[in-house]
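The values are calculated or read from the model by the stated rules, or taken from the named source; none is laboratory data. No experiment lies behind these values; they were computed from the predicted model shown. Cβ coordinates were reconstructed from backbone atoms using ideal geometry, including for glycine residues, and neighbour counts include every protein chain displayed. The protein model used for the area step is the full one, side chains on, heavy atoms only, and it has no ligands, DNA or RNA in it. Shrake-Rupley method; radii C 1.70, N 1.55, O 1.52, S 1.80 Å.
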Amino acid sequence: MILSRVSGSFRDPSGHVYEGDEHVYRTVEASAVADYEAARDAGIFSSPMIVSTSESTAPSPSKTAAYLLEHPKIPLISYPYEWAFSMLKEAALLHLDLHLHLLGRGFTLSDSTAYNVQFMGPTPVFIDHLSVRRYSEGEYWDGHRQFCEQFLVPLLLRSFFGISHNAWYRGALEGIAISDFVKMLSFRQKVSWRVLAHLVLQDKFQRSASAERAEKAKHRQLPRNAYIATLQQLRNWIAGLSPLDTNPTTWANYATANTYSDTEATLKKQFIGNFITRSGAATVIDLGCNTGDYSEVALQNGAHRVFGFDFDQHALDSAYHRAKNKSLNLLPLFLDARNQSPSQGWLQAERIGFASRANADAVLALAFEHHLAIAHNIPLEQVVDWITSIAPTGVVEFVPKDDPTVRKMLTLRRDIFPDYNYENFISLIERRARVVENLVVSSTGRTLISYSRNG
């Protein structure tokens, strides 16, 4: 068995992460053995909040490791800057719930990074077993600042100002700095006791910290009940947060307010359902998933999991709640298709880009291509290249210029798209794939095209 080291696994010397064909492996070095064995023997790792693990008998890639742990693979690694508000909130609550659970058992967490949470469908799960260590009576919460910058501040940005965290978080990687966020707050917001305690005073201490004060801080004592109370109060605050921008957007209402008649919508769902059944696709990527209507159709017709991508925050929140309420294996993530998540971080390999992570058996791109080709001037040939590169088979919906949506896009601008027509669109697909079936599904000429890629 050949194991490849995960490029983002280098910050923690207590162990490193490797990928195999079907599992993920984690070494446990000597410095982490005592904490690992204590947590293992206490049954900590049997918690449903933590991804399941076992001690592997496979040859270890590290000569110095005491243990090699084996975990199931997460189907798609996602990052906090790709999560909608609801997902970031769920991840924050999971982190706090786990920390409270650990403190009650005599353990704690060595850090508070949001990257230690992943999603299995709509369910968050903690993935870093070596972050669990024994609790020392009187110790402070070392990860407080990290939690605030990677969980709390991004949530407050949307809750206080109606600004989504995604672009800022992606640019900063380690979260949104408390010092930057505090500058945005009004005096009234700053003197709120929760903001004051978790953000303002922490920022003030950080800016005025000296070596002498830092040394004194090491010897501070925080009773366990006060530690638990801090986490519980923070949990209660986050549980009550909601986005400030609650007015529905055009795309959040698209599933119920679109140009399809009931008959046309049924026809479209039947086409998608038949495609999934015929193709046998287990993993599906739904570009422009909106609130998850067609993701759900794919799951109802045999797909095992769907990764949905959309730009609209309200639509993503709705898709996430749909997946959670209906127990759908749907993971809806933020994607600006014009500016996809790149490979970045240390050596541009710490966080892997969209193109390298988004692997699937089939792709759905329904009422999607015109947003790139017409709204954003991306050459139609490049749009087709990109969509068909994502999976070996799929369904693309072509929206003609006579459609009300495209006409609206062209209302206040010159039509500079002479090659944007159905005939050219089909010819571009046929250069890359075999057209299996096509069907006009609306009175405006919207057409569904299923393809199977050449080679």
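Quick look at the values:
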{"read-out": "Every pair of residues 6+ apart whose Cβ atoms lie under 7 Å, when the first sits in segment 98-114 and is surrounded by 15 or more Cβ atoms within 10 Å (Cβ to Cβ) while the second is in a helix (DSSP H, G or I) and basic (Lys, Arg)", "value": "103/224"}
{"read-out": "Conditions (1) assigned to a helix (DSSP H, G or I); (2) modelled with pLDDT under 95: number failed by residue 92", "value": "(2)"}
{"read-out": "Residues of segment 140-168 that turn out to be touching a Lys or Arg at 6+ places or on another chain (Cβ under 9 Å) and not in a helix (DSSP H, G or I), as a count", "value": "3"}
{"read-out": "Given (1) assigned to a loop (DSSP other than H, G, I, E, B); (2) small (Gly, Ala, Ser); (3) over 24 Å from residue 297 (Cβ atoms), number of the condition residue 360 does not satisfy", "value": "(3)"}
{"read-out": "Qualifying positions in segment 419-444 - open to solvent by 30 Å² or more (accessible area, probe 1.4 Å) and part of a loop (DSSP other than H, G, I, E, B)", "value": "419, 421, 431, 432, 443, 444"}
{"read-out": "Residue tally, condition over 19 Å from residue 277 (Cα atoms), in contact with a Ser or Thr (Cβ under 8 Å, 6 or more places away or on another chain) and among the aliphatic types (A, V, I, L, M), over segment 356-369", "value": "1"}
{"read-out": "Residue in segment 124-134 that is over 25 Å from residue 17 (Cα atoms), at pLDDT 95 or above, of a type outside the set (A, V, I, L, M, F, W, C) and open to solvent by less than 50 Å² (accessible area, probe 1.4 Å) present", "value": "no"}
{"read-out": "Flag if residue 332 is open to solvent by 30 Å² or more (accessible area, probe 1.4 Å) and in contact with a Gly (Cβ under 7 Å, 6 or more places away or on another chain)", "value": "no"}
{"read-out": "Candidate set from segment 39-61 (those that are among the polar types (S, T, N, Q) and surrounded by 15 or more Cβ atoms within 10 Å (Cβ to Cβ)); member that is modelled with the lowest pLDDT", "value": "60"}
{"read-out": "Members of segment 371-409 found to be more than 28 Å from residue 359 (Cβ to Cβ), open to solvent by 10 Å² or more (accessible area, probe 1.4 Å) and in contact (Cβ under 8 Å) with a residue 12 or more places away in the chain, listed by number", "value": "377, 400, 401, 402, 404, 405, 409"}
{"read-out": "Residue list for segment 169-181, filter: open to solvent by 40 Å² or more (accessible area, probe 1.4 Å) and either touching a residue at least 40 places away in the same chain (Cβ under 8 Å) or not in a helix (DSSP H, G or I) (or both)", "value": "170, 174"}
{"read-out": "Options 36, 81: the member that is surrounded by 20 or more Cβ atoms within 10 Å (Cβ to Cβ) and under 23 Å from the mean Cα position of the chain (by Cα)", "value": "81"}
{"read-out": "Residues that are part of a loop (DSSP other than H, G, I, E, B) and open to solvent by 30 Å² or more (accessible area, probe 1.4 Å), drawn from segment 259-291", "value": "259, 261, 280"}
{"read-out": "Pairs, first without any contact (Cβ under 8 Å) to a residue 60 or more places away in the chain and over 17 Å from residue 74 (Cβ atoms) in segment 6-20, second open to solvent by 20 Å² or more (accessible area, probe 1.4 Å) and acidic (Asp, Glu), C-beta under 8 Å, six or more apart", "value": "13/29"}
